[in-house]
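Chemist: Here it is, the structure in full.
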Amino acid sequence: MTSLPIGLVPRGLTREQAAEYCGCESMAAFDDWVRRGIVPRAMTGTTRWDRKAIDRALDRRSGLLETAEASFEEWAASHAG
């Protein structure tokens, strides 16, 4: 059970929640997306995925981010654990 207000999605997602959030039909598909760099790995030192980082990665992958924003994503990815 959660104490978050109705409609508020947690930012730190479990692996299963992250897979569902991404629309992956299986955990194997999500793991493949992580391995291929489509979505980021879990936050350093945790077993949680950052919902906003997933959004940015998917936005970049689909061409929705500008070049400057993509550069930040590349920097963040290179500094991830």
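Values in this text are rule-based calculations from the coordinates and carry no lab data. Keep in mind it's a predicted model, so treat the numbers as computed, not measured. Ideal geometry is used to build each Cβ from the backbone, glycine not excepted, and the neighbour counts take in all protein chains shown.
Chemist: Add +1 for every Lys or Arg and -1 for every Asp or Glu among the other residues with Cβ under 14 Å from the Cβ of P10, and state the total.
Modeler: Net of charged neighbours comes to +1.
Chemist: Please give, to one decimal in nm, the separation of the simple spin-label points placed at K52 and A29, each 7 Å out from Cα toward the Cβ.
Modeler: About 2.8 nm, to one decimal.
Chemist: What range in the chain is the longest one free of GluC sites (Glu not before Pro) that are in a loop by DSSP and have at most 15 other Cβ atoms within 10 angstrom? Could the numbers behind the result be given before it?
Modeler: Numbers: sites that count: E25, E66.
With a cap of 15 other Cβ atoms within 10 Å, the longest stretch comes to 26-65.
Chemist: Apply 1/(1 + (r/R0)^6) to the Cβ-Cβ distance of D59 and S3, taking R0 = 25 Å, and write down the FRET efficiency to the nearest 0.05.
Modeler: Using R0 = 25 Å, I get an efficiency of 0.25.
Chemist: Moving on. When V9, V34 are ordered from fewest to most other Cβ atoms inside 10 Å of their Cβ, what list results?
Modeler: In increasing order of surrounding Cβ atoms, one gets V9, V34.
Chemist: In debye, nearest 20, what is the charge dipole magnitude of the chain about its Cα centre with +1 on Lys and Arg Cβ and -1 on Asp and Glu Cβ, if you could check?
Modeler: The dipole of the chain has a size of about 200 debye.
Chemist: A follow-up question, please. What number does the chain give for Rg over Rh if you use C-alpha atoms and the Kirkwood radius?
Modeler: My calculation of the ratio gives 0.98.
Chemist: To the nearest 0.05, what FRET efficiency results for E16 and A77 with a Förster distance of 22 Å applied to their C-beta separation?
Modeler: 0.45
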